[in-house]
1. Compute the FRET efficiency between GLU102 and GLU76 as 1/(1 + (r/R0)^6), taking r as their Cβ-Cβ distance and R0 = 51 Å, and round to the nearest 0.05.
2. What net charge is computed for the residues neighbouring LYS209, neighbours being all others with C-beta under 15 Å from the C-beta of LYS209, Lys and Arg scored +1, Asp and Glu -1?
3. With bins 5 Å wide starting at 0, give me the P(r) of region 111-251 over every alpha carbon pair, in whole percents.
4. Please work out how much length the chain gains when fully extended from VAL145 to GLU128, using 0.36 nm per residue of separation minus the C-alpha to C-alpha distance, in nm with one decimal.
5. Using DSSP, restrict attention to beta bridges with both residues in the chain and report what percent are antiparallel, rounded to the nearest 5.
6. Helix by helix, which DSSP H runs in the chain go 27 Å or more along their axis at the Cα atoms and have an average Kyte-Doolittle hydropathy of -1.0 or more?
7. Taking N as the number of residues in region 92-164, what value does Rg over Cα atoms divided by 2.2 N^0.38 Å take?
8. Can you give me the Rg/Rh ratio for region 1-141, using Cα atoms for both radii and the Kirkwood formula for Rh?
Amino acid sequence: MTIKTALITGATSGIGKATAQLFAQNNIRLILCGRRSERLSELQKELSKLTDVTTLQFDVRSKNEVFNAIESLPKEFQQIDILINNAGNAHGLSTIQDGSIEDWDAMIDINVKGLLYVSKAVLPQMVERNNGFVVNIGSIAGKEVYPNGNVYCASKFAVNALNKGMRIDLNKHNIRVSAIHPGLVETEFSEVRFKGDTEKANNVYKGFKALQAEDIADIIYFVVSRPYHVNIEDLIVYPTAQASATILNKD
């Protein structure tokens, strides 16, 4: 069986880290991408016992960093079979009139432009081979706008649209494209959104069982491991306690 190589952005925590761990257990060669070099090194050390691993430290907001990093890959990692566009963030939870422009820039630069930069750096080789798989990690915020979600929701609606556009444009090149849109997942996400306010972040997940990063990793692996003629193109995943972006059954 040919060993596949996967590039995962945002691999140092949450869904990205859980996906890397599951892929390693299934003998997928890994290119782990993130901003935090110490975490990348720790994860590489852990997963190198299971598969071949290399790391790339860059910020997806910088197109130069993205292209330079991916162009620097060792020869054995240069053929990327699976791209997991996972890097993303939410900053703040304010009304549109009170929102921070810096927060808006961060969300648009990472969630939209970052996804585009990484995809642009990887897709040409997939097109040349007429083979590859792109999985874009969206959010229910890309399906439904909720109070104070404004710009974050807009960025994830853009991911949803880009996913559809990719699938149409890459169809003739035999490239599979899929999006997974999770509801509430218990990761560092809320801590980032509330700018390090741990109490606020923890309250988000109280009173119900949230999705875990490993739950989404299981789904990502299921999607990428289907026979090549099968493309699971769009999945929304909620915890059982969640019925919509704003309806949550808490104890």
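Values in this text are rule-based calculations from the coordinates and carry no lab data. This is a predicted model, so every value here is computed, not measured. Ideal geometry is used to build each Cβ from the backbone, glycine not excepted, and the neighbour counts take in all protein chains shown.
1. For R0 = 51 Å, the calculated efficiency reads 0.80.
2. Residues close to LYS209 contribute a combined charge of -2.
3. Percent of pairs per bin, in order: 2, 9, 17, 20, 20, 13, 9, 6, 3, 1, 0.
4. Contour length minus the Cα-Cα distance gives 2.4 nm.
5. Of those bridges, close to 5 percent are antiparallel.
6. The qualifying helices are 150-170.
7. Against the compact-globule rule of thumb, the ratio is 1.28.
8. A ratio of 0.99.
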